[in-house]
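Chemist: For reference, the structure I am asking about is given below.
The values are calculated or read from the model by the stated rules, or taken from the named source; none is laboratory data. These numbers were taken from a predicted model, which means no experiment stands behind them. With ideal geometry, Cβ positions are generated from the backbone for all residues, glycine too; neighbour counts draw on all protein chains shown. Heads up: the accessible areas ignore ligands, DNA and RNA and are worked out on the full protein's heavy atoms, side chains in. Shrake-Rupley method; radii C 1.70, N 1.55, O 1.52, S 1.80 Å.
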Amino acid sequence: MENKILYSIITPVYNRADCIMRCMQSVEKSMQTQFGGNIEHVIVDDGSLDSTASIVEDYAKLHPHVVFVKFPQNRGTNAARNEAIRRAKGKWVVILDSDDYFCEPALSDIDNTIKANPSFGHYAFAADDMLGYYKDNLIIKGANRKVLSYPDFLNGYVNCDFIHVMQREVLLRHPFDEELRIYEGLFFLLFYRDVHQVLFTNKVVTVRERQRADSVSRDVIRTNIVVIRKNAKSQELMLQYFGDDLRLLGMTRRLHAIKVSLFEDYILLGEYGKAKGLNISNFFGKKEKILGVVCRSHTGWCYRLLLQSYLLLKYKLLKKKLKV
């Protein structure tokens, strides 16, 4: 059976007793007869404190395509993803979050697309909540299919918010950083560089829930030192991994934006020496000029309090809008 597995759907899960069954059942419904043993669903419980683990474990006993792994304690989304990828046996890996679910023809749509276009190492499909973005994006709007290149992603012309079908070998070469937990776009850039080209298909295969108060995506809001430090590390890794590529490809604006973001993080952390070490000389924007003054006067603590107040107020307003 190991040699027959073609697609590995991987799902990290933490405290999702209310929706993990929906996720698992959507994979089962999407598994048409022709797939047989070609599909597996690898679910890694990241130390859930609710009944998530028992729900998945009971389901796995009745469904042989489900591979269940349980962490004794919470290690983070990226750790769970890495473990699922290591356990996976398929040629292709599909990441399906625990609060999302497949459309019924998802696996058929994915399989048909790959069979019709077999020369790619990475495929990107549509998520229901991103249709507005796809429609407005200058590169992919109006296209049912579009070949995207590594520079398209590196320059920020296209983001990484798709449903990805990736070669497991590529994922094994570039494991997710388990300290960062999120900032997945950083690692997708490594995948894109490895395969050079990605085939985008504007076909919805997943319905996503993005209005949960406990969504991990909210952890990127810079309202405390821990988040700021992680954001700084992500920008440091951007320069480490892609700085040379940005320079060689002439993407000076993108490179400058990353440096300014890191400069701001260093100031927020009170690490003025590191900020000055970035040697950012062209402070031409209003924000950059303000950051320059804050750095020279060593008043990052004051700037951090103002930024935190602004972001917390913005987040509260966002929560109110989400409830409407």
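Chemist: For the stretch 246-287, which residues satisfy the criterion of being buried (at least 16 other Cβ atoms within 10 Å of the Cβ), under 22 Å from Gly156 (Cβ atoms) and not hydrophobic (A, V, I, L, M, F, W, C)?
Modeler: Result: Arg254, His256, Lys259, Glu264, Asp265, Tyr266.
Chemist: Further question on the same structure: Filter the stretch 18-51 down to the residues that are farther than 17 Å from Ala88 by Cβ, outside any helix (DSSP H, G or I) and either of a type in the set (Ser, Thr, Tyr) or open to solvent by less than 30 Å² (accessible area, probe 1.4 Å) (or both) and list them by number.
Modeler: Cys19, Gly47, Ser48, Ser51
Chemist: Okay, next question. Pairs under 8 Å by beta carbon, first residue open to solvent by less than 20 Å² (accessible area, probe 1.4 Å) and modelled with pLDDT of 95 or more in the stretch 54-83, partner basic (Lys, Arg) and in a helix (DSSP H, G or I), six or more apart or different chains?
Modeler: Qualifying pairs under 8 Å: Val69/Arg87.
Chemist: Could you tell me whether any residue of the stretch 290-304 is in contact (Cβ under 8 Å) with a residue 60 or more places away in the chain, surrounded by 13 or more Cβ atoms within 10 Å (Cβ to Cβ), under 13 Å from Ile228 (Cβ atoms) and out of contact with any strand residue (DSSP E or B) (no Cβ under 7 Å at 6 or more places or on another chain)?
Modeler: Of the stretch 290-304, the ones in contact (Cβ under 8 Å) with a residue 60 or more places away in the chain are 304.
Still in the running and surrounded by 13 or more Cβ atoms within 10 Å (Cβ to Cβ): 304.
Next cut, under 13 Å from Ile228 (Cβ atoms) only: 304.
Right, trim to out of contact with any strand residue (DSSP E or B) (no Cβ under 7 Å at 6 or more places or on another chain) and you get 304.
Yes: the stretch 290-304 contains one or more residues that are in contact (Cβ under 8 Å) with a residue 60 or more places away in the chain, surrounded by 13 or more Cβ atoms within 10 Å (Cβ to Cβ), under 13 Å from Ile228 (Cβ atoms) and out of contact with any strand residue (DSSP E or B) (no Cβ under 7 Å at 6 or more places or on another chain).
Chemist: In addition: Out of everything in the stretch 84-99 that is assigned to a helix (DSSP H, G or I) and open to solvent by less than 20 Å² (accessible area, probe 1.4 Å), what residue ends up being nearest to Gly121 (Cα to Cα)? If you could, list the steps in order and put the result at the bottom.
Modeler: First, pick out the residues of the stretch 84-99 that are assigned to a helix (DSSP H, G or I): 84-87.
Right, trim to open to solvent by less than 20 Å² (accessible area, probe 1.4 Å) and you get 84-85.
Numbers: Ala84: 20, Ile85: 16 Å.
Ranking the qualifying residues of the stretch 84-99, first place goes to Ile85.
Chemist: Does the stretch 124-139 contain at least one residue that is within 18 Å of Leu6 (Cα to Cα) and touching a strand residue (DSSP E or B) at 6+ places or on another chain (Cβ under 9 Å)? Before you say what the answer is, go through the steps one by one.
Modeler: The initial filter retains those residues of the stretch 124-139 that are within 18 Å of Leu6 (Cα to Cα), namely 124-125.
Of the ones still in play, those that are also touching a strand residue (DSSP E or B) at 6+ places or on another chain (Cβ under 9 Å) are 124-125.
Yes, the stretch 124-139 contains a residue that is within 18 Å of Leu6 (Cα to Cα) and touching a strand residue (DSSP E or B) at 6+ places or on another chain (Cβ under 9 Å).
Chemist: Is it the case that some residue within the stretch 52-62 is out of contact with any Cys (no Cβ under 8 Å at 6 or more places or on another chain) and assigned to a loop (DSSP other than H, G, I, E, B)? If you could, list the steps in order and put the result at the bottom.
Modeler: Kept after step one, since they are out of contact with any Cys (no Cβ under 8 Å at 6 or more places or on another chain), are these residues of the stretch 52-62: 52-62.
Within this subset, residues satisfying the condition of being assigned to a loop (DSSP other than H, G, I, E, B) are none.
Checked against the condition, which is being out of contact with any Cys (no Cβ under 8 Å at 6 or more places or on another chain) and assigned to a loop (DSSP other than H, G, I, E, B), the stretch 52-62 yields no hits at all.
Chemist: Which condition from (1) open to solvent by 40 Å² or more (accessible area, probe 1.4 Å); (2) in contact (Cβ under 8 Å) with a residue 12 or more places away in the chain is the one that Phe102 breaks?
Modeler: (1)
Chemist: Which residues, counting only those in the stretch 167-184, are over 23 Å from His196 (Cβ atoms) and modelled with pLDDT under 80? Break it down stepwise before answering.
Modeler: Restricting attention to the stretch 167-184, the residues satisfying the condition of being over 23 Å from His196 (Cβ atoms) are 178-182.
Those that are over 23 Å from His196 (Cβ atoms) and modelled with pLDDT under 80: Leu180, Arg181, Ile182.
Chemist: Being under 25 Å from Asp46 (Cα atoms), more than 13 Å from the chain's Cα centre (by Cα) and modelled with pLDDT under 65: is that true of Asp219 here?
Modeler: Details: under 25 Å from Asp46 (Cα atoms): yes; more than 13 Å from the chain's Cα centre (by Cα): no; modelled with pLDDT under 65: yes.
Spelling it out, it is not the case that Asp219 is under 25 Å from Asp46 (Cα atoms), more than 13 Å from the chain's Cα centre (by Cα) and modelled with pLDDT under 65.
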